[in-house]
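Below you'll find the structure, written out as C-alpha cells, and then a few comments.
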Amino acid sequence: MGDRRTKLLHGLVWNKAAPADVLLRLLGHEDEWLGRAVARRAVLPQEVIEAVLVHPDRRVRAAFAENGAADPDQRARLVDDPSPGVHLALAWGPQAYRQPVPPLPDRAYERLLDHPRSLVRQELLVWSAVPAHILVGLADHEDPVLRKAACGAWDRLADAARERLLHDEDRSVRRAAAVRVCPEDAERTTWLVGELSGQPEDLWTLHEVLTSGRLDRELAEALVEEDEYRAQIAANPSLPPDLVARLAVDPEPRVRLQVSARPELTESERAAVEYTVDTEDRLPALGWVWERRADAAFLRRCARSAHTWLRRSAAICPGLPADAVELLAQDEDFAVRLLLAEFHPEPPPELLLDLYLNGTHRAVLMLITRPGFPTAGLAARFGDSPDPEHRRLAYGTRSWSRSCSTASPATRRPATRPPGTPGSRWPGSASCSSIPTTRRRPPPRPIPRFPPRTCACSWTGRRCRKSR
C-alpha cells in the first residue's frame with residue numbers, strides 16, 4: 001500500500017462521521033495499527049463494538065479495555081475474554097489525560113479481584129480507581145494485598161474493621177492502616193518514621209507521614225536536625241511555632257519554600273520568608289487548598305495571593321469562581337494558566353487557543369480536547385497562515401470550509417497530514433509517552449490578549465504510570 005493511502009486511512013479512522021461499515025473494514029485491515037485505533041475511538045456503533053470484542057487480535061480487544069470513552073458496561077464484557085492479557089488491560093484501565101473515567105460495574109471489579117493471577121489483582125488496585133464501597137468489602141479478605149487496599153476506604157470502614165486492620169498480622173497492612181490515623185496519633189507517627197526510614201521502596205509513604213503525621217516535641221526536634229527530612233517537616237501542620245520560625249531562615253531554599261506555603265501564614269508573613277518559585281519547579285497542589293476546593297471566597301483569596309504556589313493550587317480547584325478564573329487566565333506564571341486550562345470545568349476559550357498555539361510544553365497538545373476549545377472560525381482565521389501548526393488546526397476542526405480547500409498548494413500541502421497519524425503532532429490517539437516533550441517549531445506570533453510565555457514541565461507533582 002502506498003504511503004499516501006496509508007496516511008489517508010490513518011486519518012479516516014478518527015473521522016467522527018465515519019459510518020459503521022467503513023469502521024468495520026478498517027478493523028479488518030492488514031494494517032494492525034488501524035484495528036487498535038478503531039477500538040480507541042470515542043464513539044463506536046454497537047455493531048463495531050461487537051466486532052471489537054471478538055476480534056482475533058487481543059491487542060485490539062486490550063485497546064478497547066483501556067478506552068476511557070467507551071461505555072463501562074461494554075468494557076466490562078471483557079472479563080469473559082479468553083486472554084489474561086486483556087484482563088490485565090481491563091485492570092489497568094483507561095489512563096485518560098486530565099479526564100474522569102466512569103467506573104466499571106461492580107460485577108467486573110469482583111471478577112478481577114478474584115482473578116487467579118495476582119498481577120491482575122494488583123494492577124487493578126494500583127491503577128484503577130476502585131470505588132470505595134468495593135474496597136470496604138476487602139477488609140477481611142484472606143489476601144493481605146487486598147486487606148491493605150481496604151485502607152483506601154478508611155472513612156467508610158466500621159470501627160471494628162479499622163481496629164482489625166491496625167492490628168493485622170501482616171506488617172504492610174498495619175503500616176497502611178497506621179498512615180490513615182497518624183495525622184491524629186503522634187505515637188503511630190513515631191512508629192511509622194522508624195519503620196519507613198531508610199527504605200527506598202517506602203519513600204513516598206514516608207513523605208506522606210512526615211508532612212501530615214502528628215508530631216510530638218521529641219520527634220519534631222529530632223527531624224529538624226535531619227537534612228533529608230526538613231523540607232517535609234516544614235509543611236507539617238503540627239510542627240511547633242518556634243521550629244517553624246527556625247526553618248523559615250533555613251539555608252536550604254526548598255525548606256524555606258515549604259514554610260512560605262503553610263496555611264496559617266498571612267500574606268505579609270509569607271513575603272517575609274525568602275523563597276522563589278521558578279517556572280520549571282514541579283509543585284504538588286497544596287493539600288490545605290484542595291480541601292477547600294468548593295469555598296469560593298477562600299479560592300478568591302488564593303487567586304489573588306502573591307505566592308505562585310497558592311495560585312497554582314487554586315487553578316486546579318473546580319469551585320474557582322468566574323472572576324478568579326478570569327484573573328488566573330492572565331496570570332504571569334505559565335503553570336497557573338496551563339493548570340487552569342487543564343482542570344477547570346469551563347476554561348476560557350481564548351486561553352485554550354493561546355496555550356495550544358504558543359506553548360511548547362507537550363501538555364498543550366491535549367487542550368484541543370477540552371470543553372470549550374474554540375473551533376468556530378478557525379478555518380477563516382488560520383486556513384492561509386504561513387505557520388503549518390496553525391493550518392493543521394484549521395483543517396482538523398469542524399469549522400473547515402471552502403476557504404481551506406481553496407488555499408494555495410504552497411501553503412496547503414504541509415498541513416494536510418490527518419490528525420492522529422504518525423508524524424502529526426495532533427493529540428489524536430497518541431499516548432503521553434509518544435508526545436514529544438517540546439514541539440519543534442519556533443513560537444508563532446501571539447494572539448492578542450495572551451502574550452507568549454516561556455513553557456515549563458509538569459507542575460502538579462503527580463506521578464504518571466510510567467514513573468511509578
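A few comments on the model shown:
- Distance histogram in 5 Å bins (all Cα pairs of the stretch 25-175, percent per bin): 2, 10, 19, 19, 16, 12, 9, 6, 4, 3, 1, 0
- Exposure of Phe298 as accessible area (Å², to 10), given a probe of 1.4 Å and all protein chains: 10 Å²
- Fraction of the pair-distance distribution of the stretch 247-388 above 22 Å, Cα-Cα pairs, percent: 43 percent
- Diffusion coefficient (Stokes-Einstein, Kirkwood radius over C-alpha pairs, 37 °C, 0.692 mPa s) for the stretch 1-88: 251 µm²/s, rounded to a whole number.
- Structural descriptor for the stretch 46-99: relative contact order 36 percent, calculated from alpha carbon pairs under 8 angstrom and at least 6 residues apart.
- Using the Karplus relation 6.51 cos²θ - 1.76 cosθ + 1.60 with θ = phi - 60°, the per-residue 3J(HN,Hα) values for the stretch 105-116 come to x, 4, 4, 5, 5, 4, 5, 5, 6, 9, 5, x Hz, with x marking Gly and Pro.
- Length-normalised contact order of the stretch 1-117 in % [C-alpha pairs under 8 Å, at least 6 apart]: 19 percent
- Positive-end residue of Trp154, Leu203, Trp127, charge dipole of the stretch 113-246 with Cβ unit charges: Trp127
- Of the trypsin sites (Lys or Arg not before Pro) found in the stretch 275-319, those that fall in a DSSP loop while having at most 15 other beta-carbon atoms within 10 Å are Arg282, Arg304.
- Per-q log10 I(q)/I(0), the stretch 236-300, q = 0.15, 0.19, 0.29 Å⁻¹ (Debye; single scatterer per alpha-carbon; no solvent): -0.53, -0.83, -1.35
- P(r), alpha carbons of the stretch 99-161 - 10 Å bins starting at zero, rounded %: 22, 57, 20, 1
- With N the number of residues in the stretch 314-388, Rg(Cα) / (2.2 N^0.38 Å) evaluates to 1.12.
- At q = 0.09, 0.15, 0.16, 0.19 Å⁻¹, base-10 log of I(q)/I(0) for the stretch 90-211 (Debye sum, equal scatterers on each alpha carbon): -0.27, -0.75, -0.84, -1.10
- Only Lys, Arg, Asp and Glu carry charge here, each on its Cβ (+1 for the first two, -1 for the last two); on that basis the stretch 1-102 has a dipole of about 420 debye about its Cα centre.
- Multiplying the residue separation of Glu30 and His141 by 0.36 nm and subtracting their alpha-carbon distance yields 35.4 nm.
- Diagonalising the gyration tensor over the Cα atoms of the stretch 49-101 and scaling each eigenvalue by 5 before taking the square root yields semi-axes of 18, 11, 9 Å, largest first.
- In this structure, Arg301 and Asp278 have a Cβ-Cβ separation that, at R0 = 25 Å, corresponds to a calculated FRET efficiency of about 0.60.
- Remark: the stretch 332-372 is approximated by an ellipsoid whose semi-axes, taken from the C-alpha gyration tensor as √(5λ), come to 13, 11, 9 Å, largest first.
- Enclosing the Cα atoms of the stretch 278-328 in their convex hull gives a volume equal to 69 cubic angstrom per residue.
- Taking amide H as placed 1.01 Å from N in the peptide plane, His361 has its amide H under 5 Å from the amide H of Ala456, each at least 5 places away in sequence or on another chain.
- The percentage of C-alpha pairs in the stretch 157-255 whose separation is greater than 19 Å is 42%.
- The distance between label points at Asp155 and Glu350 comes to 3.9 nm (points 7 Å beyond Cα on the Cα→Cβ vector).
- Computed extension gain for Leu119 through His133, at 0.36 nm per residue and net of the alpha carbon distance, reaches 2.8 nm.
- Our coupling estimate for the stretch 17-28, obtained by passing each phi through the Karplus curve with A = 6.51, B = -1.76, C = 1.60 and θ = phi - 60°, is 8, 4, x, 4, 5, 5, 5, 5, 5, 5, 5, x Hz, Gly and Pro reported as x.
- Dividing the mean sequence gap of close Cα pairs (under 8 Å, 6+ apart) by how many residues the stretch 233-311 holds gives a relative contact order of 24 percent.
- Over the stretch 188-332: Rg over Rh, Cα atoms, Kirkwood Rh: 0.99
- Under the Karplus curve 6.51 cos²θ - 1.76 cosθ + 1.60, θ = phi - 60°, whole-Hz ³J(HN,Hα) for the stretch 205-218, x wherever Gly or Pro sits: 5, 4, 4, 4, 5, 5, 7, 10, x, 5, 10, 8, 4, 4
- Between amide H atoms placed 1.01 Å from N, distances below 5 Å from Ala139 occur with no residue 5 or more places distant or on a separate chain.
- Rounded FRET efficiency, nearest 0.05, which uses the C-beta distance separating Asp323 from Thr6 and R0 of 41 Å: 0.25
The values are calculated or read from the model by the stated rules, or taken from the named source; none is laboratory data. The shown structure was predicted, so the numbers you read here are calculated from the model rather than taken from an experiment. No Cβ is skipped: glycine too gets one built from the backbone with ideal geometry, and neighbour counts run over all protein chains shown. The accessibility values were calculated without ligands, DNA or RNA, using every heavy atom of the protein model including side chains. Shrake-Rupley method; radii C 1.70, N 1.55, O 1.52, S 1.80 Å.
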